[in-house]
Amino acid sequence: MLRYFLRRLFYAVPILIGVNLITFALFFMVNSPDDMARMQLGVKRVTPEAIQQWKAARGYDKPLFINDAAAGVQQVTDTIFFDKSMRLFAGEFGRSEDGREISQEIRQRMGPSLAIALPTFLIGLGLTISLALMLVLFRGTWLDRTGVVICVGLMSISSLFFIIGGQFVFARVLKLVPISGYESNPWTAWHFLILPVAVSIVASIGGSTRWYRTIFLEEIGRDYVRTARAKGLSDARVLFGHVLRNGLIPILTGVVVVIPSLFLGSLLVESFFGIPGLGSYTIDAIAAQDFAVVRAMVFLGSVLYLVGLILTDLSYTLVDPRIRLK
Amino acid sequence: MSTQPLLQVRDLSLAFARQDAQGNTTLTDALSNIQFDLHAGETLALLGESGCGKSLTSLAMMRLLPPNARYQSGRLLLKTEDPRRPEDLLRVSEARMRQIRGHRMAMIFQEPATSLNPVMRIGEQIAEVIRLHRGLDQQSTQREVRILLDQVGLPDPDKAAAAYPFELSGGMKQRAMIAMALAGDPQILLADEPTTALDVTLQAQILDLIQSLQQQRQMGVLLITHDLAVVASRAERVAVMYAGQIVESGAVSDVLHNPAHPYTRALLAALPERAGHGESLLQLPGRVPSLGHWPMTCRFAPRCADQEPHCLMESPPQVVMPSEQTISVVPHQVLCWRAGDEAMRAYGDSGSVNRRRTFAESAVLEVRDLQVGYESSHGNWPWPLSHWFGDKAIQKPVVDGVSLQLKAGETLALVGESGCGKTTIARAILGLQPLSGGEIVLDGAPIAGQGVRPQAGWRRNVQMVFQDPFASLDPRQRIRTILAEGPRALGLAPATTTDAALCALLERVGLAADALDRYPHEFSGGQRQRIAIARALAVNPAVLICDEPTSALDVSVQAQILNLLLDLQAETGMAYLFITHNFGVVRYLADRVAVMQAGRIVESGSTRDIFEQPQQTYTKALLASVPVIR
Amino acid sequence: MDPIDLLNILRDSLWVCLVTDALLWLLFAAFVLALVVILRSPLQRQVWRQVFQQRLAVVSAVILAVAASFALLDSIHFRQPLPALTDDPGAAESTQVRYAVEVNSVLDLLLRGLRSDYEKTYSAPLAVNLSALEPVTITLPDGDVEVRRESPRLKVAGQAFPPGPVSASVYWTDVATRIALGTVGGLVSFGILAFIGLALHRWRRLVTPSPYSHPVARRWTLITLGLIFVLVGVMTSLSNNFHVFGTDKVGQDVLYQVLKSLRTALVIGLVPTLVTLPIGVVLGLAAGYFRGKVDDVIQYVYTTVSAIPGVLLIAAAVLSIQVMLDNHPEWFATAVERGDVRLLALCIILGMTSWTGIARLLRGESLKMREYEYVQAARAFGVSAGRILLRHILPNVFPIILITMVMEFSTLVLAEAVLSYIGIGVDPTMFSFGLMINNARMELSREPVVWWTLTAAFIFMVVLVLAANILADAVRDALDPRSERPS
């Protein structure tokens, strides 16, 4: 088990370096730092001195990979790549365009992101699996057919419409909840959270319900289900006692891997509902073309994804006795 | 034998409903007037080739049919306390039926590997039945589970109860499956090909187990099988099914010794076990018609050699034959117009065309001290990390020092249980598997081994026919492309891939020329196997490796393929390396036999010696477990 | 618009071939080619006949085909010649013709009425008055002048009515007449076309049977096409006097915007697969077939790419490209070309980020398939790896590739809306559903509520994506051996 983890961690390092290389190439090799400076400074203030100053303030005046001017280890360490990419490994995210510490900002914004993402995830998962099981229990009837039609319908609607429509109906017309905003006190924040959570669930429910239904139906066709029915078990007991646990295995692949990424929040929902989480932070950074923040978020996202992969393997050992980690 | 049967199946008919594009429902007959009794303490064998409806019958008895199946008629009368008022299973509620399933009637299935819930402990799966049907408390349930597992002969019941199915071997899984079926204390056991997926030694053990449990508990067992030898050795009565009907039924001794229906007679005559070495097997023309393509009158008539004009005009009557047994309680019934007609062609002693066979003295294929080991991963590290950090590659020997010689025109049978390395040898000879030691010499030239670089074109000298006729042809290529693949890849003369050449090839394996432009899915299993043989023949190999080429085929089709293989050998002088676990086929086909166990050859010699004077205990055990027809 | 005029304009104009135009037409050509292949192979015909036995699949296919024809019409671009400057006699004689900076498409020409006429600002669907209040100076009968705030009549719409307030009866009579006329017009033109089509079909069926010749397919194709014709007829006739979906903030017709958005949606939905497929198929098949080191390296690459959160990778790439484009304005002659390159870049980026799914899927398939007996048989003949992959494995995974591609379409169309909303989608000078939603999102808080832009975008997008989803389902049911079939 321990060996397994060590191995996975070792495996994660080259992947993260790869991630850094990709983002580095995108940010520094497609365009030179000069281009970025021009972009940030705006047309009016572009002078060679201003560009130099902008670059120096952010450490972009160094060479990309190898610093010939420096000596020894510094040849490698005193470069943009090392400074901007490798330092991420140590959790040094640097500063954003407006001069704030990015790691500080991430710590503050994780809470609100989780406050939306966690309930969405948990309630959504429970609801989806129950709905899928219900459709499967009534398979072949009008209930199943209507359910599938509704799922496909929901899948075909952009989440933007759910958000805009939800805000319009429940907040503006019915005035049941505030349109947007957030409070850090969890006991009073619920009325800010309820609409974004509900909207996120509705937006994703169609696709996943249909997917889980397919998985369960596939399980129902297997031989062991026939055995269970030959034992005299009722349809419902076969479904809950046998099919559910087997069906959970493929469901886990898709689900567990996103759990760590819940920290990152949802881009759309947070920005529409004014939640000060990491999602809206990212959106703002993209809008402001704040490369330092985007780079930091890419790195964070990749780390969380890799953690998710490890968790997925772990969860397999819990649900599927056939899998042992070596 | 009690007078009151446990279960009476009366006039059971079944159809599948299908909706066409216009929304009209059409019904396709699947079972017609199935009728039999099942008595306590008795085994009734339901015999038939694939697609004749035997599994469907058992599912119909449990009311576990797919949703598009419709009962057309019939009664399933289950014995109750009151002997005059049996319960009709087709008329009870689903709730009542659930009480009957597992409790009065239980079932074991063919594939123990997939029929057990993979993520549930064996003990729990058995306990489920006990809780459901016997309402015992937690403790007695656990005790009962242990007793059952012990009864079915699992060495460590506690360990087995705590195990997941994947932790048990195939035979142990099937034992656990039987324990599960017995858990509800049923009077009737439906065993659907319970041993087909198992090795021959395990087959005998499992059948012994079922038999002894049946005796202990006085159960009625319905044994569904395609294996005549199993019927002969394990059942008291037999019902032969063909195309959804029972065509002949009666006591095993009557049916097997005096078969009255042409189909039963043909089946018996097609058995390689019964034919002399090198004789032609009887071959039934055609194949079992598929669902929805059954003749309106006698369903066997189109394939029947004794067909009369009348057979095609009116459905045959049910005829009761005289029995050999002095006190017969079991009528010998036949569904045939000509039942009892002495003029019917006598099957079995068909003309023995002795094929001329010549062996060369020199070996065409020689395998010397062959060793093959699979590298069991590189410790899950990705390359290049595996290179630096990974565990040293673990070599697990699958084939451990095997030496073989094959002379031109000779057939060498390689027998052994699954996993003993038979197929790995074949793959190594074909160059599909790297060797870890030893040498392979083909036609005098080394083709594999340490530092051996085979001459270009060596592959045309050795080819293979695979086990599964459905997986061995690319479904998206026409037969023309499939046949021409070999000659093209080996750069043979263009004349070998002309239509004329390919048609000649098809003719040699007994197929019509119009097959060239068709796709594999348009052919039956036997026809596909013919195409696969033609594909190998296209490059005119000196050695043909046959990896269980008939194990996926029905008996009657198997006979066709075996005949074809023998004819081709007489014609071309090819050497066959025949991999199989079917001893009937071995005895019929092989000149020499090599018995394998765990990667080694434990005994080899001429077929006659091996069968009549086996030296090794393993060989003796193997031969002892082969069911034979008396 | 007179067809002769149209041809004249097309003859005189300077053709502009945008990259995405070329790609869309290329895809269309590939589609036609695939159709020919399918019609020729009996195996394929049987499979596709199964797809088009389902009513909904037929309806969806027709809807997508209509959307595609709009997009294709919108993918023939040109620049019209400028009128010669008459005051300079020398210029008139010179052969040098100058062309407008504005790039138009054939669709633009067909929709000229919708495109050129701007209202002042918002107006509701079928309205004759502006949706905003403006100060209007009114001379009262007694000669006094009073300034009232009211919504004035529209400049373009409602010209069939006399000036001044329009009474309800006059208004509704006009609307009803136009709807009736449009319906009749649509039905008549449909009838003529259907007659020709069926005649052609009958003739063609003698030559080769088609998967479409199934009665269900034929009936529902005709029904759907009939409805679409009626709808187009009604819209056309109403558009002569109204804005069917109203106008937006700058007074532009919303119907025109949604029709133009169709092309963007189709480009986004289709072009990325041109990037995804080669990468995903080659890497996936190679990883599964060769295993070992090749597999390790390919797995490393796709784990790395999929480790980066998709939106962020797209954002990073789009931002970089944007900076590059902004710093090189000299690369493009017109704004449309610039927007087009940005659209293409977006497609490539979407393609580069979404190949991992299919690669993973195909790796598994080819890992499984290399053990199949027919592959073993080919290897026993010494057939080369490349040839086995091409002749045995690729054809057998083709259904999976096709299914993934069809399913990806709707995902990509939906993704476009989100990306455009975040500001990393298509160029703001273009038309797309995402941009429409983005522009319209504050409109719901206006008083009176401006709901029509959003609604129009919603209807068109849902119909498009729903059709794609339904078709994808039908294709999957028919082609994927693993999928469950309704019994």
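Below is a table of values for the structure above.
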{"item": "Exposed-loop-free span, longest in chain B, where GluC sites (Glu not before Pro) count as exposed if DSSP calls them loop and at most 14 other C-beta atoms lie within 10 Å", "result": "B:362-630"}
{"item": "Length-normalised contact order of chain B in % [C-alpha pairs under 8 Å, at least 6 apart]", "result": "13 percent"}
{"item": "Accessible surface, the range A:1-121, averaged per residue in Å² (probe 1.4 Å)", "result": "54 Å²"}
{"item": "J(HN,Hα) series, the range A:154-171, from Karplus relation 6.51 cos²θ - 1.76 cosθ + 1.60, nearest Hz, glycine and proline x", "result": "4, 5, 8, 9, 4, 4, 4, 5, 4, 5, 5, x, x, 4, 5, 6, 7, 8"}
{"item": "Hydrodynamic radius by Kirkwood, which averages 1/r over all alpha carbon pairs of the range C:173-292, in angstrom", "result": "18.7 Å"}
{"item": "Carbon + sulfur, % of accessible area of the protein assembly as shown - ligands and nucleic acids excluded, 1.4 Å", "result": "59 percent"}
{"item": "For the range B:513-575 and the range A:141-187, distance of Cα centres in Å", "result": "62 Å"}
{"item": "222 nm mean residue ellipticity, helices alone, for the protein assembly as shown (DSSP H n ≥ 4; -39,500 (n - 2.57); rounded to 500)", "result": "-16000 deg cm²/dmol"}
{"item": "Nearest-ten-degree value, helix B:555-572 long axis tilted from longest Cα axis of chain B", "result": "20 degrees"}
{"item": "The range C:334-386: mean projected area of Cα convex hull, nm²", "result": "5.4 nm²"}
{"item": "Only Lys, Arg (+1) and Asp, Glu (-1) charged, at Cβ; the protein assembly as shown dipole about Cα centre in debye", "result": "1320 debye"}
{"item": "√(5λ) per eigenvalue of the Cα gyration tensor, the range A:112-319, largest first, Å", "result": "35, 22, 14"}
{"item": "Whole-Å semi-axes of the range B:55-183's equivalent ellipsoid (Cα gyration tensor)", "result": "30, 18, 12"}
{"item": "Degrees separating the helix A:2-24 axis from the principal Cα axis of chain A, which is the longest one", "result": "50 degrees"}
{"item": "Part-to-part distance (alpha-carbon centres) for the range B:275-292 and the range B:120-180, which is given in Å", "result": "42 Å"}
{"item": "Of B:V628, A:S261, C:L238, farthest towards positive along the dipole that unit charges on Lys, Arg, Asp, Glu beta carbons give the protein assembly as shown", "result": "B:V628"}
{"item": "Stokes-Einstein D (µm²/s) once Rh is taken as the Kirkwood radius of the range A:237-298 over alpha-carbon pairs, at 10 °C in 1.306 mPa s", "result": "113 µm²/s"}
{"item": "Angstrom value of the Kirkwood radius, inverse mean 1/r, which spans all Cα pairs in the range B:137-211", "result": "12.9 Å"}
{"item": "For the range C:373-464, convex hull volume per residue from C-alpha positions, Å³", "result": "128 Å³"}
{"item": "Pair-distance profile P(r), taking every C-alpha pair of the range B:3-122, with 10 angstrom steps and integer %", "result": "11, 38, 34, 15, 2, 0"}
{"item": "Farthest positive-ward along the range A:62-198 dipole, Cα basis, beta-carbon charges - from A:S85, A:F168, A:W190", "result": "A:F168"}
{"item": "The range A:2-90 - Rg and Dmax from Cα coordinates, angstrom", "result": "16.5, 58"}
{"item": "Where the Cα pairs of the range B:544-630 fall when distances are cut into 5 Å bins, in %", "result": "3, 12, 23, 25, 18, 13, 5, 0"}
{"item": "Rounded Å value of the spacing that divides the Cα centres of the range B:16-60 and the range C:383-411", "result": "39 Å"}
{"item": "Cα-based equivalent ellipsoid of the range C:249-297: semi-axis lengths in Å, sorted from largest, via gyration tensor", "result": "44, 8, 5"}
{"item": "Rule-of-thumb Rg ratio for the range B:126-170 [Cα; 2.2 N^0.38 Å; N residues]", "result": "1.16"}
{"item": "Rg over Rh [alpha-carbon atoms, Kirkwood Rh] for the protein assembly as shown", "result": "1.02"}
{"item": "Dipole of the range C:254-475 [Lys/Arg +1, Asp/Glu -1 at C-beta], most positive-end residue of C:Y289, C:L444, C:I279", "result": "C:Y289"}
{"item": "Hull-based mean projected area of chain B, where the convex hull spans the alpha carbons, in square nanometres", "result": "34.0 nm²"}
{"item": "Residues whose placed amide H lies under 5 Å from that of B:R518, excluding near-sequence neighbours", "result": "B:I479, B:R480"}
{"item": "Share of pairwise Cα separations in the range A:138-209, more than 20 Å, in percent", "result": "44 percent"}
{"item": "Mean separation of Cα contacts under 8 Å (6+ apart) over length of the range B:126-229, as relative contact order %", "result": "25 percent"}
{"item": "Net charge dipole size for the range C:134-239 [Lys, Arg +1 and Asp, Glu -1 on Cβ; Debye, nearest 20]", "result": "1100 debye"}
{"item": "The protein assembly as shown - share of DSSP beta bridges that are antiparallel (%, nearest 5)", "result": "65 percent"}
{"item": "Rg followed by Dmax, in Å, when the range C:254-475 is reduced to its Cα trace", "result": "20.9, 77"}
{"item": "Fraction of the pair-distance distribution of chain C above 40 Å, Cα-Cα pairs, percent", "result": "34 percent"}
{"item": "Alpha carbon Rg of the range B:473-520, scaled by the compact-globule rule 2.2 N^0.38 Å", "result": "1.07"}
{"item": "Cα→Cβ-extended label distance, 7 Å offset, between C:L181 and C:F290, nm", "result": "6.8 nm"}
{"item": "Reference-scaled alpha-carbon Rg (2.2 N^0.38 Å with N residues) for the range C:134-239", "result": "1.87"}
{"item": "Chains A and C, summed buried accessible surface - 1.4 Å probe, Å², nearest 100", "result": "4100 Å²"}
{"item": "Crossing angle, helix B:479-489 versus chain B [Cα axis fit, 0-90 degrees, rounded to tens]", "result": "30 degrees"}
{"item": "Residue-normalised accessible area of the range A:142-294, expressed per residue, 1.4 Å probe, Å²", "result": "39 Å²"}
{"item": "Electrostatic dipole magnitude of chain C [Cβ: Lys, Arg +1; Asp, Glu -1; Cα centre; debye, to 20]", "result": "2480 debye"}
{"item": "Mean Cα-pair separation over length for the range A:2-90, i.e. relative contact order, pairs under 8 Å, 6 or more apart, %", "result": "23 percent"}
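The values are calculated or read from the model by the stated rules, or taken from the named source; none is laboratory data. Everything numeric in this text was worked out from a predicted model, so none of it was measured. Here the Cβ is made from the backbone with ideal geometry for all residues, glycine too, and neighbour counts use every protein chain on show. SASA here: full protein model, heavy atoms, side chains in, ligands and nucleic acids out. Shrake-Rupley method; radii C 1.70, N 1.55, O 1.52, S 1.80 Å.
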